[in-house]
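What follows is a short report on a single structure.
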Amino acid sequence: GQQVMQIPQYQHVQEGEDFTTYCNSSTTLSNIQWYKQRPGGHPVFLIQLVKSGEVKKQKRLTFQFGEAKKNSSLHITATQTTDVGTYFCAAASNTNAGKSTFGDGTTLTVKP
Amino acid sequence: DAGITQSPRYKITETGRQVTLMCHQTWSHSYMFWYRQDLGHGLRLIYYSAAADITDKGEVPDGYVVSRSKTENFPLTLESATRSQTSVYFCASSEGGSPLHFGNGTRLTVT
């Protein structure tokens, strides 16, 4: 089945430093979604990327979808303690409409 | 999200017992999903449903049963609970390809 690799598994940063998590698939994706899960909470949708090479921004968060639609990244500029949590990518392929495969997530901790 | 609710929030059961986790959504989304979340494994899909009376296996379906007689409900049953099924279970709904809306989760402990 479809596999999605997400790295790194953990990232610890000092407040104010940047953070990036990467998501890679061996197959071409129809879209990719990013979710954030706060400690003790449930995953919450952040954004969906559909087009090849697409870049979207949400304040300090920048999301990119690769040209080949096989990889994606989430970059946070100048992290804050409120950014703490686990970030998941979820990939949908053209052959599994409606069903997404989640990466294992990157857990971000921020030291004040 | 207020539109999808899971119950119970916490459940402790013994090995071998049957337990059912409930999931209800008010959006009339076609798709519903059950995931389990364990440390080091992220979110793993157990079962999903594309519509009422249509269900399909996910990545880790063994030991679980689902049904979807109504669009809004998607209960998950552990027929004979095992310790390896101790986990946090999340229900989610969506319209195919659109973002998933997750419930608050059920933390299940099997002793």
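The values are calculated or read from the model by the stated rules, or taken from the named source; none is laboratory data. Being a predicted model, the structure only gives us computed values, none of them experimental. Note that we place each Cβ from the backbone using ideal geometry, even for glycine, and neighbour counts take in every protein chain shown. We work out accessible area using only protein heavy atoms, side chains counted, and drop any ligands, DNA or RNA first. Shrake-Rupley method; radii C 1.70, N 1.55, O 1.52, S 1.80 Å.
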If we take the range A:40-112, then strands (runs of 3 or more DSSP E) inside it with 2 or more residues that are more than 10 Å from every other protein chain (Cβ to nearest Cβ), of a type in the set (Phe, Trp, Tyr) and under 27 Å from residue B:93 (Cβ atoms) are A:61-65
Of the conditions (1) more than 8 Å from chain A (Cβ to nearest Cβ); (2) buried (at least 16 other Cβ atoms within 10 Å of the Cβ), the single one that residue B:83 does not satisfy is (2)
Subset of the range B:1-25, residues more than 10 Å from every other protein chain (Cβ to nearest Cβ) and at pLDDT below 95, comes to B:2, B:3
For the range B:61-80, indicate whether the set of residues that are under 28 Å from residue A:5 (Cα atoms), surrounded by fewer than 22 Cβ atoms within 10 Å (Cβ to Cβ), among the small types (Gly, Ala, Ser) and more than 8 Å from every other protein chain (Cβ to nearest Cβ) is non-empty. yes
If we scan the range A:10-29, do we find a residue that is among the aromatic types (Phe, Trp, Tyr), out of contact with any Pro (no Cβ under 7 Å at 6 or more places or on another chain), open to solvent by 30 Å² or more (accessible area, probe 1.4 Å) and in contact (Cβ under 8 Å) with a residue 60 or more places away in the chain? yes
With the first residue restricted to the range B:38-52 and required to be facing chain A (nearest Cβ under 7 Å) and surrounded by 17 or more Cβ atoms within 10 Å (Cβ to Cβ), and the second required to be among the acidic types (Asp, Glu) and assigned to a strand (DSSP E or B), Cβ contacts under 7 Å at 6 or more apart or on different chains are B:48/B:56
